[in-house]
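S.K.: For reference, the structure I am asking about is given below.
FYI, it's all coordinate maths here, none of it is from the lab. Remember, it's a predicted structure, so these values are computed and weren't measured experimentally. Cβ sites come from the backbone with ideal geometry, for glycine too, and all protein chains shown count toward neighbours.
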Amino acid sequence: MGMFDLYQSPYGQNTGPAGAPRQSIVPAHVIDVCMDKDSPMYETPADIGKIRYRDVGNLSPFRSRIEEDITTEAYPMDRALGRYPLPGEQVMVFEAFGDVKLPNGSTLQRIAFYAFNVNTNHTITSNQTPYIISNSNLVTNRFISNSSAKTRFERKLAEPKEYRDGGEVKIYPQLQPYEGDFIIQGRFGNSIRLGSTAPKIEKKRSKDQEALPWKSYGLPGDPIISLRVNSEYVVDADDMFVVEDPSRDQGSIYLCSTQNIELELQIPKRMKTWEETYTVTAGSDQADDQIKSTSKLLEDLYSKVVEIDGDVHEQLSPLELGVVPTTGGPTTTQPTIDIASALEDSENTD
């Protein structure tokens with residue numbers, strides 16, 4: 001045991017020099033994250049979300065532990081608002097009283113909790129960095145090349161392609177913030193904005209800027225909530241901020257008070273789908289022929305609710321295509337749907 005091994009925190013991490021005050025809230029470099037029962041860190045369900053970390057706020061200048069020997073662990077601070085780091089990212093760690101399982105029961109002790117993922121690289125998708133007050137010699141007792149040490153955290157990812165496009169880091173753009181906004185942003189292009197109407201901000205925008213997703217109707221402070229998903233990503237940090245666009249985003253919901261959301265709808269000029277009657281009987285060899293060749297059923301309706309750039313037929317089940325399987329059970333007759341007549345009856349009733 002070395003002289004400075006005597007100065008340890010309660011969780012096995014070297015503290016600073018003798019006599020120096022120990023910080024109780026520290027930045028921590030995440031080494032591993034327990035995400036499921038297959039993790040070597042897992043013992044009880046309470047371990048889900050637990051991290052193993054290097055305390056980079058109380059490091060001794062004389063000696064630092066080898067990464068594979070570090071045993072310091074911390075639990076999520078708030079289970080109701082989960083934000084889980086990746087190996088190689090930073091979080092903030094502090095101590096509080098928590099339940100500790102013992103062989104003969106449990107007790108409350110001071111243990112470590114973590115919160116507040118640190119955006120080291122100023123992006124949302126990934127903030128992995130190989131070294132924070134360390135180097136390749138502090139990774140393992142065995143020889144490891146510098147290039148291998150630099151990519152060790154990336155190799156721990158179950159789905160590396162979520163975060164990288166070849167050698168480039170994927171950047172799922174963040175929402176452009178506006179005065180007073182409260183924004184919840186996921187890693188992968190999903191977001192919730194709790195914002196408001198801002199007429200003066202809209203008037204200041206130049207013609208080459210994207211329009212706000214709502215017009216400047218109403219008084220300043222009229223509330224709006226937008227929910228958005230868009231999997232498009234960039235690799236240039238100059239393009240890392242966007243605004244919602246209901247005509248381009250893959251999915252969105254707007255809860256408005258006085259705002260007006262402009263939409264571009266992709267529908268056929270004449271709603272031919274609603275003018276057709278489909279009578280498909282189970283067991284009929286001619287079921288496919290009963291859908292008229294002039295119908296826009298597949299091209300102009302179903303293509304709007306599946307991947308437009310993919311083969312529509314391969315994405316739909318036989319029932320969605322209007323064809324009932326002839327094997328595997330008793331035959332039944334599909335109901336006749338005449339939407340055109342229904343609409344006509346509705347108009348006559350009005």
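S.K.: About its Cα centre, what dipole magnitude does the range 3-166 give when the only charges are +1 on Lys and Arg Cβ and -1 on Asp and Glu Cβ, stated in debye to the nearest 20?
M.R.: Working: 18 positive and 19 negative charges, 56 e Å.
So the magnitude is around 260 debye.
S.K.: Mind listing the phi-derived Karplus ³J(HN,Hα) values for the range 167-174, rounded to whole Hz, using 6.51, -1.76 and 1.60 with θ = phi - 60°, and x for any glycine or proline?
M.R.: Per-residue couplings from phi come out as x, 9, 7, 5, 10, 7, x, 8 Hz.
S.K.: One-quarter of the Cα convex hull surface for the range 3-166, in nm²? Mind dumping the intermediate values first?
M.R.: Numbers: hull surface 44.9 nm².
Its average projected convex-hull area is 11.2 nm².
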